[in-house]
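One structure is given below, encoded as structure tokens.
Please treat every number below as a calculation from the coordinates, not as lab data. All of these numbers come straight from a predicted model, not from anything done at the bench. With ideal geometry, Cβ positions are generated from the backbone for all residues, glycine too; neighbour counts draw on all protein chains shown.
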Amino acid sequence: MSGREDFAVNLASRHARGDRWRLMFMLSTLLAIVFLGALILTIVDDAFGYVVMVDEVDQRSLVPDGERLESLDAEALRAVIDERLSPRRYRAIERERPFDERTAADLYDIVLYEIVKPRVAETYTLFESLFARRSIVEETTLAHPDGELVFRSWVNMRFLSTSQTARPLTTGVLTAVKGSILTISITILFSFPVGIAAAIWLEEYAGDNRLNRFIQVNIYNLAGVPSIIYGMLGLAIFVRGLERFTSGSAFGASTSGEVANGRTILSAGLTLAILILPVIIINAQEAIRAIPGSLRQSSLAVGATKWQTIWHQVLPASFDRILTGAVLAVSRAIGETAPLVVVGASTFLTQDPTGVFSKFTTLPIQIYQWTSRPQAEFRHIAAAAIVVLLALMLSLNAFAIFTRNRLRRQKRFG
Amino acid sequence: MKPVQTARYPEEARGALSFGKRFRPHEAVIQALLFFCAAVSILTTLGIIVVLGAESSALFKEVSLWEFVSGTSWQPTIGEFGILPLVNATLMTSLAAMLVALPLGLGVAIYLAEYASERVRETLKPILEVLAGVPTVVHGYFALTVVTPALRGLFGQESIEVYNTLSAGLVMGILILPLISSMCEDALSAVPRSLREAAYAMGATKLETSVTIIVPAAFSGIAAAFILGLSRAVGETMIVALAAGAGPNLTLNPLKAAETMTGHIVRISGGDISYDSMDYRSLFAIALVLFLATLALNMVSRSIVKKYREVYE
């Protein structure tokens, strides 16, 4: 028997096996994409959809026949409030801001949420709303005869522009968005200069000695430390150890009567800064390393000092890459939740943060809070907040790409 | 004809012109500043060690170390500090995560590195990278609202609890999948073409080349990716905090609720906690265990890359 025939005997089965496994590898890739796609789809699915609204007080009983509540003017709304609002709530709202000073839209909100009190009786996801509309309508007419079926986008202007409240229908993300932006500003302010400076030291100055090698290894190790450990560090150092500074009492700042005891935006921002510092350093190092040595040598050759070379040649030439790496690190920091819970994010905060010494909550914290509530409405609210968070991260990345491209065009050296 | 410039360097006038190194104070100050910034990372490490060490040693004055490592019940209210239930839950979720991420991640990596066309690879890689940037709290949301109900539909409502380690572990697998697949893909792509071509020339099929030549050649990179993924899974917090349940529970049943180390830290520190209490200190002791475990894993991962990397010309 010749070897060639032996070879041919096996060949078909070997190829068949090859094809089978090829299919397996393709399937696993497909599965990975499906899983990750499902993640995004779920969010969209939950952020929009039909809801069944049931009013505690029938709107038609409040207005004269043939008119609608939305079309009433301020005076008519005032009349409804005077008639129907309980004296206790009336006084409470009057104390917030006198009724005479309020606009019609304001009064309408009060009538709606204090007297009519709409309630979400049932919620549906986007896919249910799109593909099972008929059965939803049937179900609603049976279960909630006086309910109204409306399509609701849980991400809406009201949601984006109001502070947090306890009710799912009126709550908003403004408090959390402001908190996130303030916190991240502190993080950027601290981590960018320190991180880039550290990278310059390691790439341009550090000699190959034991101390510098240790610093380098140490940075790699820090990049792998779980984020919650940084939370513990922040709790012990910033919240407790430096309480006088982080609570603002050392600077005579009063936190509008509330005691924030170190659990402030400043502490949170610094904790996140320490957290992303290793990543920023590593990215910036790679950017600086990519600059050809000839650029430095020609600068030194015409008489520039080392720092002049770095400041006028190396940094401008590598800044686009440094920036991209740093922004990637920051967009990771925006999504961080665990360290901020440990540092002491407020669980329920109705007052928007006013400065770095305010108590804080951030978008991921709110998502965590809302997700852990059992009611279905909060689940949709959480999905809406996730949409806002992802949009924030995307716009940050888009900004980075845009700036990088602009810098590239101005750049003199590759 | 007069020279354009007649001025001389002051040093030249003094007859002391030197091209040697001059002392420039502001350069030295800048250098010192840069070094200080680099040293911040050392301060951070020191801070972590000192803070975790000091608080946990305060705990170990009251609870013996042996009790801490071997106790089977974690109930700070009655003074029981046995870390086993928390470690057990962490291991269970991490194991489930690796069971998802390991085969799937390697499959994706082999497909992208060996089979996919240039265009498919260029499209899929950025997608995977973007998805790796999704915050983990979103994964937690996904676990609680999608995976858990799906599992309960599959196994029956009675046999599986609302909070369970299986759901958390599976979603954690999805979380670390992009990390593992992208690191493995890098390792596989780094294997030179000549090895593949040699294998084809010997008559090996594509599968045989991939499995018997390329994967072993890239083994150090793949092993490092797995260990790094494991370290990420051990330290992952929000998924387990949302989906794995509250309350330490020593069980090997993945369908039951059990709190992991990270989940416990988040739940306790999220509530009102008084400083200098045993509760507070015990959190730092847990964090110390977590820190040492992930540090060891990361170091092993990096030393594997260093030691066993095949160097090709």
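Per-structure values
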item: Residue order, fewest to most surrounding Cβ atoms within 10 angstrom, among B:238, B:278, A:232, A:157; result: A:157, B:278, A:232, B:238
item: Among B:274, B:217, B:138 - extreme Cα towards positive end, dipole of chain B, charges at beta-carbon; result: B:217
item: Nearest-ten-degree value, helix B:219-235 long axis tilted from longest Cα axis of chain B; result: 60 degrees
item: Dipole moment magnitude, nearest 20 debye, segment A:253-365 about Cα centre, only Lys, Arg, Asp, Glu C-beta charged; result: 340 debye
item: Candidate aspartates and glutamates for bridging to residue A:306, where Cα separation is under 19 Å - those fewer than 8 sequence places away on the same chain excluded; result: A:203, A:204, A:208, B:27
item: 10 Å Cβ neighbours from other chains, averaged over peptide A:393-403; result: 1
item: Degrees between helix B:165-189 axis and first principal axis of chain B (Cα, 0 to 90, nearest 10); result: 30 degrees
item: Qualifying aspartates and glutamates (Cα of each under 16 Å from Cα of residue A:178; at least 8 residues distant if same chain); result: A:336, A:352
item: Loop-located trypsin sites (Lys or Arg not before Pro) in segment A:26-97, at most 14 other Cβ atoms within 10 Å (DSSP); result: A:68
item: Label-point separation in nm, residue B:42 to residue B:198, each point 7 Å along Cα→Cβ; result: 4.5 nm
item: Full-stretch length increase - residue A:242, residue A:128 - with 0.36 nm per residue and alpha-carbon distance subtracted; result: 35.8 nm
item: Cβ-Cβ FRET estimate between residue B:33 and residue A:189, R0 fixed at 22 Å, reported to 0.05; result: 0.85
item: Mean residue ellipticity (222 nm) of chain A, computed from DSSP H runs ≥ 4 via -39,500 (n - 2.57), nearest 500; result: -20000 deg cm²/dmol
item: Chain B pair-distance distribution - Cα-Cα, 10 Å bins, rounded %; result: 5, 19, 23, 20, 13, 8, 5, 4, 2, 0, 0
item: DSSP H segments from chain A that extend 18 Å or more along their own axis, Cα-based, with Kyte-Doolittle mean of -1.0 or above; result: A:3-47, A:174-200, A:210-223, A:265-289, A:315-334, A:376-410
item: Cβ charges +1 (Lys, Arg) and -1 (Asp, Glu), total dipole of chain A, debye; result: 2320 debye
item: Globularity index of the protein assembly as shown, i.e. its alpha-carbon radius of gyration over 2.2 N^0.38 Å; result: 1.13
item: Nearest-0.05 FRET efficiency for residue B:54 and residue A:209, computed from C-beta distance (R0 35 Å); result: 0.70
item: Proxy reagent accessibility, fewest Cβ within 10 Å first, across B:294, B:77; result: B:77, B:294
item: Label-point gap, in nm, between residue A:38 and residue A:304 - each point 7 angstrom along Cα→Cβ; result: 5.4 nm
item: Dipole of chain B [Lys/Arg +1, Asp/Glu -1 at C-beta], most positive-end residue of B:85, B:200, B:157; result: B:200
item: Potential lengthening between residue A:135 and residue A:394 on full extension [0.36 nm per residue; Cα-Cα distance subtracted]; result: 89.6 nm
item: Farthest toward positive dipole pole in chain A [+1 Lys/Arg, -1 Asp/Glu at C-beta], among A:410, A:81, A:169; result: A:410
item: Spin-label pair residue A:373/residue A:8, simplified geometry with 7 Å Cα→Cβ offset, distance in nm; result: 7.4 nm
item: Sites residue A:289 and residue A:114 - FRET efficiency at Förster radius 56 Å, r taken between beta-carbons, to 0.05; result: 0.35
item: Unit charges on C-beta of K, R, D, E only; dipole of the protein assembly as shown, Debye; result: 3220 debye
